[in-house]
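The values are calculated or read from the model by the stated rules, or taken from the named source; none is laboratory data. What you see is a predicted model, and the numbers here were worked out from it, not measured in a lab. Every residue, glycine as well, gets a Cβ built from its backbone with ideal geometry; the counts of neighbours run over all protein chains shown. Keep in mind that these areas ignore ligands, DNA and RNA; they rest on the heavy atoms of the full protein, side chains included. Shrake-Rupley method; radii C 1.70, N 1.55, O 1.52, S 1.80 Å.
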Amino acid sequence: TCALPICITSRPKQSSDLNLNLNFNMANPQQKSNREHSFDSELASLVGIEKAILVKNIAYWVDENERRKIESSFAYGKWWTFESLTSLSIKYPYMKRGNLSRWFKELKRDGWIVMFSTTDGSNMYAPGPVFNAWNIGKDWQGVFQNETGRAWGEVFQNEPKAAAQNETEAAAQN
């Protein structure tokens, strides 16, 4: 028996067996849609759990947009997914909005994602060159090879503006 409110009776066999069940609907806790979030343990060991969740979510939705041929999600020669920080903080209630902004800046800086702001305050996200190399088992650590930290073959001709932290900042950039 266990006197604690939550008891752990066994450990997963591998770290990749971990599954987060943290997304919940406060108004209707019995609703089960989108309550389970999981992460890739190898990616999490490189970038952290929250960033791993975000990167894999971006990759999933970009793949879905391409599979469904959603034309509005194709720009600058890439498939994208659109999200605002507000919608992401609702989707991931255990992630604070300020942390989301910081994590996205770090993921962009490190080449795991590509992102920029749209005129409506949403951000466009796509997997970056580091994630793409890591995801197919290539030398992802060698992606950034020049002094400026810019990825070879992944630089836009007219590079979009950096992602805004909020909708007001996005409007001011345009």
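Place a +1 charge on the Cβ of each Lys and Arg in segment 34-122 and a -1 charge on the Cβ of each Asp and Glu, then give the dipole magnitude about the Cα centre in debye, rounded to the nearest 20. Could the numbers behind the result be given before it?
Details: 14 positive and 12 negative charges, 49 e Å.
For segment 34-122, the charge dipole is close to 240 debye.
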For ILE113, enumerate residues with amide H under 5 Å from its amide H, sequence gap 5+ or separate chain, H modeled in the peptide plane. LYS108, GLY128
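Which loop trypsin sites (Lys or Arg not before Pro) in segment 47-147, with loop taken from DSSP, have no more than 13 other Cβ atoms within 10 angstrom of their Cβ? Don't skip to the end; give the middle numbers.
Values: sites: LYS51, LYS56, ARG67, ARG68, LYS69, LYS78, LYS91, LYS96, ARG97, ARG102, LYS105, LYS108, ARG109, LYS138; in loops: ARG68, LYS69, LYS96, LYS138.
Sites meeting the loop and neighbour criteria: ARG68, LYS69, LYS96, LYS138.
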Label SER45 and ARG109 with points 7 Å out from Cα along Cα→Cβ: what is the distance between them in nm? 2.5
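Determine, from the Cβ-Cβ distance of ASP120 and ARG67 and an R0 of 35 Å, the FRET efficiency 1/(1 + (r/R0)^6), rounded to the nearest 0.05. All intermediate terms of the calculation are to be shown ahead of the outcome.
Working: r = 24 Å, r/R0 = 0.69.
Between ASP120 and ARG67 the formula returns 0.90.
So what is the accessible area of segment 36-113 per residue, in Å², with the probe set to 1.4 Å?
Details: 4030 Å² over 78 residues.
Here the residues of segment 36-113 average 52 Å² of exposed surface.
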Of LEU85, GLY98, PHE74, farthest towards positive along the dipole that unit charges on Lys, Arg, Asp, Glu beta carbons give segment 61-104: GLY98
Hey, can you grab everything whose amide H is under 5 Å from the amide H of ALA75? Only 5+ residues off in sequence or another chain; H modelled, so Pro and N-termini drop out. TRP80
Charge sum, other residues only, whose C-beta stays under 9 Å from VAL47's C-beta, Lys/Arg counted +1 and Asp/Glu -1: -2
